[in-house]
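The values are calculated or read from the model by the stated rules, or taken from the named source; none is laboratory data. What you see is a predicted model, and the numbers here were worked out from it, not measured in a lab. Ideal geometry is used to build each Cβ from the backbone, glycine not excepted, and the neighbour counts take in all protein chains shown.
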Number of protein chains: 2
Amino acid sequence: MVPHLVTALTGPINELEQRILDSMPPIERWFRLEWMEHTPLFYTSVDVRNAGFKLAPVSNNLFPGGWNNLTPAMLPLAVQAAMAAIEKICPEARNLLIIPQNQAHSMAYWQNLAQLRSIFRMAGLNVCMGSISPDIKQSTTMELPGGESITLEPVVRSQYRLGAKHFDPCTILLNHDLQTGVPGILEDLHEQYLLPPLHAASSVRLKSTYLRCYEEVVKRFGKLIGVDAWLMNPLWDTLPLVNVDIATDQDRLRDAVDAMLTKVRKRYKEYGIKEKAFVVLKADNHDRSFRAMAVRDAKELGPVWERLRAAQKAAFGEPLTLVLQEGVHTHERVNDAVAEPVVYLMDRYVVGGFYRVLTAQDQEGPVVDPHANFVPLAFADSTQLPQPGMAPGASAPNRFYMYGVVARLAMLAAAYELEATDPQAEHYE
Amino acid sequence: MVPHLVTALTGPINELEQRILDSMPPIERWFRLEWMEHTPLFYTSVDVRNAGFKLAPVSNNLFPGGWNNLTPAMLPLAVQAAMAAIEKICPEARNLLIIPQNQAHSMAYWQNLAQLRSIFRMAGLNVCMGSISPDIKQSTTMELPGGESITLEPVVRSQYRLGAKHFDPCTILLNHDLQTGVPGILEDLHEQYLLPPLHAASSVRLKSTYLRCYEEVVKRFGKLIGVDAWLMNPLWDTLPLVNVDIATDQDRLRDAVDAMLTKVRKRYKEYGIKEKAFVVLKADNHDRSFRAMAVRDAKELGPVWERLRAAQKAAFGEPLTLVLQEGVHTHERVNDAVAEPVVYLMDRYVVGGFYRVLTAQDQEGPVVDPHANFVPLAFADSTQLPQPGMAPGASAPNRFYMYGVVARLAMLAAAYELEATDPQAEHYE
């Protein structure tokens with residue numbers, strides 16, 4: 001089953017789909033040339049939101065879980081992509097250490113680890129799960145349904161290397177987003193490949209850096225296929241250091257919200273879109289003390305001040321830098337439940353995806369955090385086999401191809417971002 | 001449906017399957033290292049024969065047709081592999097010229113071309129079919145069932161480039177095996193990539209060169225996984241310049257057949273195999289005037305002399321160099337019909353395969369030319385997702401994985417062969 005759009009299947013999203021399909025060879029060539037200049041992330045998942053009239057990657061995860069949600073039909077692609085990725089990084093590779101999340105307490109997450117283990121085993125690597133959690137002091141085995149099991153080994157650190165007992169990897173893969181900071185045990189591993197690099201840690205990334213890169217990528221892409229980049233790129237702005245206790249800072253935020261809403265409404269009018277505009281406020285860093293908030297009116301900022309005050313307090317009075325983004329409605333539905341596509345990439349290749357079908361949640365308002373409660377629904381068709389000649393909006397493979405293109409734009413932007421923030425890089429300016 | 005082996009599911013083939021499965025990561029790593037030193041063929045199909053007690057690649061095609069027999073589920077793998085292949089050869093590639101067979105008169109062959117066209121379009125190339133047949137003097141369009149069509153364009157040659165009207169490719173892909181020799185129109189194309197290279201032409205390859213390379217490859221592989229290389233490698237010998245009119249040459253051939261049969265029977269005895277041994281005689285070159293013949297007894301060479309005499313006459317009296325090979329029984333059956341697996345590779349990746357199910361033919365004797373009459377039956381499962389822990393011989397994915405490994409050994413051997421026969425190569429000895 002494939003989710004449908006609640007909005008009518010006409011309008012800008014179909015024009016975008018048509019342009020993307022018509023431009024397939026130039027698009028693939030364009031990516032090919034980009035990957036000559038920029039290194040793709042080792043693996044990524046990208047949440048895409050389809051508003052029916054526009055499309056946007058709303059988050060990218062450089063330490064993706066959820067691999068267990070891919071269907072068996074998608075696995076060969078993941079294996080083949082993993083082979084290509086490994087060949088490029090370290091063709092001699094024999095042993096791979098995967099570092100899972102510290103809070104690896106759910107069956108779904110263990111199944112994710114088991115799926116990653118089979119992908120890399122089939123790509124020709126011995127795989128060991130090495131936990132950096134202080135709770136894992138000895139081999140800890142979890143049984144999975146179906147007879148498989150996952151064993152977490154405590155990592156063993158020597159001066160320049162990280163491994164596990166009897167396991168010396170040449171490559172270390174983080175499936176741990178380092179949300180609370182980069183632990184010392186992962187630093188100075190100069191003899192091993194650590195993927196993704198430490199400056200990809202959630203604790204150090206800034207949304208504004210990524211958004212700036214995405215804007216650059218999508219502008220050039222829009223030019224390539226001749227469409228308004230706005231159709232794939234929500235408007236955004238940064239508000240540096242907003243101190244909620246200072247009246248002029250409150251004014252600054254209120255004005256910014258108002259200006260952004262006005263801009264969005266103007267765009268909606270241009271395209272004949274009847275939806276109600278909204279904006280989303282987020283912390284620029286990945287600090288979870290200020291969770292994303294949707295705002296529909298600059299006059300209704302009461303809850304924002306409240307949450308901002310709490311976050312500022314948690315940061316010992318330090319003012320927060322905020323990112324203000326055009327909100328993107330989500331208009332895909334499976335049986336009236338909100339369905340948000342998630343696209344999985346291994347190296348430069350889109351290997352599959354699934355829908356997060358939201359359960360038991362107020363689906364009236366704009367969805368800000370779709371991770372709350374969901375059941376996965378794998379894409380019914382490949383993301384790689386568009387069907388030229390089908391009416392726009394009528395073909396699931398064509399829609400999945402479009403999602404795959406947007407997900408690759410997001411991953412490319414993350415690659416730009418990591419280049420820009422690489423502490424090892426030499427910058428010539 | 002998956003074909004079954006007529007022979008009991010015990011014995012050496014299952015040990016081989018088990019060893020191959022157990023050694024999956026080292027096998028994949030071994031291939032990875034080989035591809036660092038040797039360039040994989042751009043695309044290949046390999047016929048594998050399963051005797052129930054041994055396995056052998058019986059032919060490899062460097063200009064494979066039959067892509068239309070791959071299922072939609074296999075296509076994404078082919079597209080992804082094509083992306084990887086193109087990226088390595090010419091990342092800037094925009095236009096690809098495919099040169100079809102001159103005798104492109106069957107619907108199946110046009111469908112093969114259409115499939116190749118979609119694979120490469122989805123990998124990001126504009127594709128044109130440029131015929132070098134003297135019969136194609138203008139654009140010629142063939143309608144396919146389902147509304148698609150294939151247009152053959154006459155090629156246009158300039159001093160250093162080959163293309164078609166309004167189509168200037170950077171890469172030229174041969175789907176034409178150049179059986180009758182390399183035409184001048186394909187020579188001296190120094191500004192373009194021509195794949196596979198001209199010395200891969202059927203008219204210039206020698207079976208003995210390939211077999212020598214395969215022997216080298218499979219010996220090292222056998223060592224890697226700890227099995228007798230004979231289980232994947234039929235015995236073989238070359239008989240240089242056999243003049244059928246000279247009695248001592250006849251004796252030489254008779255002795256060689258006898259010696260080979262004795263060797264094969266000895267091996268059969270070692271492994272407790274009850275089958276009747278046979279050998280196959282082929283011309284070393286790809287001359288079709290001497291077609292492969294099966295021989296079960298050195299005393300029954302009457303038909304061989306007859307066919308040899310005819311071939312020698314066709315070659316204006318020149319004696320033929322023959323290759324003598326241990327015959328490999330084919331013991332896979334679908335509904336009592338012989339089923340021979342064919343594995344498809346794009347670059348270093350196994351992307352799929354199908355069974356040639358032989359129809360209306362005497363299936364009692366050893367099959368020598370399985371191409372005669374067949375219906376294709378696509379592999380029901382992936383070649384990339386072996387199922388560790390399954391009993392040997394009981395799992396179709398495991399069997400397909402094994403076929404994929406053997407097919408890659410054959411392709412690797414062809415890569416060695418093309419290196420050895422490259423007229424441009426500098427040989428340091």
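Residues of region B:179-208 being in contact (Cβ under 8 Å) with a residue 40 or more places away in the chain and either closer than 28 Å to B:Trp236 by Cβ or acidic (Asp, Glu) (or both), which ones? Step through it out loud before you land on a result.
Of the residues in region B:179-208, the ones in contact (Cβ under 8 Å) with a residue 40 or more places away in the chain are B:179, B:183, B:185-186, B:193, B:195-197, B:199-200, B:202-208.
Selection gives B:Gln179, B:Pro196, B:Pro197, B:His199, B:Ala200, B:Ser202, B:Ser203, B:Val204, B:Arg205, B:Leu206, B:Lys207, B:Ser208.
When the residues of region B:199-224 are filtered to those that are surrounded by fewer than 17 Cβ atoms within 10 Å (Cβ to Cβ) and among the aliphatic types (A, V, I, L, M), which remaining residue is farthest from B:Leu97 (Cα to Cα)? Only one residue tops the list, namely B:Leu224.
Among the residues here, A:Gln325 qualifies as at pLDDT 90 or above, out of contact with any helix residue (DSSP H, G or I) (no Cβ under 7 Å at 6 or more places or on another chain) and within 24 Å of A:Leu231 (Cα to Cα).
Pairs meeting the criteria (first residue in region A:24-50 and within 13 Å of another protein chain (Cβ to nearest Cβ) and in contact (Cβ under 8 Å) with a residue 40 or more places away in the chain, second residue of a type in the set (Asp, Glu) and surrounded by 20 or more Cβ atoms within 10 Å (Cβ to Cβ), beta carbons under 8 Å, at least 6 apart or on different chains) are A:Trp35/B:Glu87; A:Pro40/A:Asp347.
Does B:Leu62 satisfy the criteria of being more than 24 Å from A:Trp35 (Cα to Cα) and either modelled with pLDDT under 95 or within 14 Å of another protein chain (Cβ to nearest Cβ) (or both)?
Taking the combined requirement at face value, the residue does not satisfy it.
Of everything listed in (1) at the interface with chain B (Cβ under 7 Å from one of its Cβ atoms); (2) surrounded by fewer than 21 Cβ atoms within 10 Å (Cβ to Cβ); (3) under 23 Å from the mean Cα position of the chain (by Cα), the single unmet condition for A:Met107 is (1). Taken together, A:Pro392, A:Pro423, A:Pro370, A:Pro366 contain a single residue that is surrounded by fewer than 23 Cβ atoms within 10 Å (Cβ to Cβ), at pLDDT 85 or above and part of a loop (DSSP other than H, G, I, E, B), which is A:Pro423. The residues in region B:135-162 that are without any contact (Cβ under 8 Å) to a residue 40 or more places away in the chain, touching a Phe, Trp or Tyr at 6+ places or on another chain (Cβ under 8 Å) and away from chain A (no Cβ under 14 Å) can be counted, and the count is 2. Residues being buried (at least 17 other Cβ atoms within 10 Å of the Cβ) and over 27 Å from B:Gly52 (Cβ atoms) are entirely absent from region B:258-270. Mind checking whether some residue in region B:41-62 is among the charged types (D, E, K, R), in contact with an Asp or Glu (Cβ under 8 Å, 6 or more places away or on another chain) and crowded, with 18+ Cβ neighbours inside 10 Å? Checking region B:41-62: at least one residue is among the charged types (D, E, K, R), in contact with an Asp or Glu (Cβ under 8 Å, 6 or more places away or on another chain) and crowded, with 18+ Cβ neighbours inside 10 Å.
Only one residue in A:Ala81, A:Ala73 is more than 19 Å from A:Pro169 (Cβ to Cβ), buried (at least 22 other Cβ atoms within 10 Å of the Cβ) and either within 14 Å of chain B (Cβ to nearest Cβ) or of a type in the set (A, V, I, L, M) (or both), so which one is that?
Numbers: A:Ala73 fails: buried (at least 22 other Cβ atoms within 10 Å of the Cβ).
Only one candidate passes the filter, namely A:Ala81.
In region B:240-250 there is at least one residue matching the filter, namely being in the same structural domain as B:Ala407 (by TED's automatic domain parsing), surrounded by 17 or more Cβ atoms within 10 Å (Cβ to Cβ) and part of a loop (DSSP other than H, G, I, E, B).
Filter region A:118-134 down to residues that are assigned to a helix (DSSP H, G or I) and surrounded by fewer than 21 Cβ atoms within 10 Å (Cβ to Cβ) and give me whichever is nearest to the other protein chains (Cβ to nearest Cβ). Even if it seems obvious, please write down each step before you answer.
Of the residues in region A:118-134, the ones assigned to a helix (DSSP H, G or I) are A:118-122.
Imposing the further condition that a residue be surrounded by fewer than 21 Cβ atoms within 10 Å (Cβ to Cβ) reduces the set to A:118, A:121.
Numbers: A:Ser118: 8, A:Arg121: 6 Å.
The selected residue is A:Arg121.
The set of residues from region B:88-99 being within 12 Å of chain A (Cβ to nearest Cβ) and buried (at least 21 other Cβ atoms within 10 Å of the Cβ) comprises B:Ala93, B:Leu96.
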